[in-house]
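K.L.:
Just passing along the structure, written as structure tokens.
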Amino acid sequence: MTERQGSGTEAFAALTVGRKVAFSKTVGESDVYLFAGLTGDLSPNHVDEEYMRRTRYGRRIAHGALLVGLMSNTSTLICQGLPGTIVSYGYDRVRFPAPCFLGDTVTVTYEIVERDEAARKTYARVTCTTQRGEVAAAATHILKVVE
């Protein structure tokens with residue numbers, strides 16, 4: 001997150017329960033290969049089509065951590081235009097219940113579901129849903145307003 005001019009109090013007040021953003025992206029081969037190169041995660045699950053044809057998935061799947069990266073985009077979007085310094089405090093209960101195949105379009109939905117006034121934290125339900133309606137990733141994200 002970035003520092004912005006203005007009051008953290010104003011920013012926290014704007015981060016209300018029910019505030020929601022969404023973002024969609026088709027996960028392409030270049031996304032997976034660039035992510036694999038960046039992280040060093042060259043698991044055959046992600047980069048070996050022949051290997052994956054022999055598995056229950058039948059084809060390559062995107063890295064779960066790549067989907068968490070897309071979640072990060074929505075945490076930035078939810079703060080867009082707000083003053084003060086807002087930081088990611090982390091992700092809890094990250095899960096990957098269904099595969100995200102190369103070529104899938106995922107819609108990431110970020111919705112604030114709880115606020116902690118004393119700590120100036122918000123808790124959001126974040127999901128990555130494929131065009132098939134399957135949840136490929138889910139987590140709770142925590143934002144903290146530090147000023």
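The values are calculated or read from the model by the stated rules, or taken from the named source; none is laboratory data. The structure displayed is predicted, hence computed values, not measured ones. Glycine gets a Cβ as well: all are built from the backbone with ideal geometry, and neighbour counts include every protein chain shown.
K.L.:
Are there any pairs, at least 6 apart or on different chains, whose C-beta atoms fall under 8 Å, with the first in segment 78-107 and part of a strand (DSSP E or B) and the second buried (at least 16 other Cβ atoms within 10 Å of the Cβ) and of a type in the set (Phe, Trp, Tyr), and if so, which?
P.N.:
GLY84/PHE12; THR107/PHE23
Yes/no matrix, rows are residues, columns are (1) in contact with a strand residue (DSSP E or B) (Cβ under 6 Å, 6 or more places away or on another chain); (2) more than 30 Å from ARG19 (Cα to Cα); (3) of a type in the set (A, V, I, L, M):
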| position | (1), (2), (3) |
| --- | --- |
| ASP31 | no, no, no |
| LEU42 | no, yes, yes |
| VAL47 | no, yes, yes |
| ASN73 | yes, no, no |
| VAL87 | yes, no, yes |
| VAL113 | yes, no, yes |
| VAL126 | yes, no, yes |
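K.L.:
Looking at (1) surrounded by fewer than 17 Cβ atoms within 10 Å (Cβ to Cβ); (2) in contact (Cβ under 8 Å) with a residue 60 or more places away in the chain; (3) touching a strand residue (DSSP E or B) at 6+ places or on another chain (Cβ under 9 Å), which is the only condition ALA14 fails?
P.N.:
For ALA14, the failing item is (3).
K.L.:
Specify which of the listed residues (VAL17, VAL32) is among the aliphatic types (A, V, I, L, M), modelled with pLDDT of 95 or more and in contact with a helix residue (DSSP H, G or I) (Cβ under 9 Å, 6 or more places away or on another chain).
P.N.:
Answer to the check: VAL32.
K.L.:
Where residues in segment 63-100 are within 25 Å of THR130 (Cβ to Cβ) and among the aromatic types (Phe, Trp, Tyr), which of them is surrounded by the fewest Cβ atoms within 10 Å (Cβ to Cβ)?
P.N.:
TYR91
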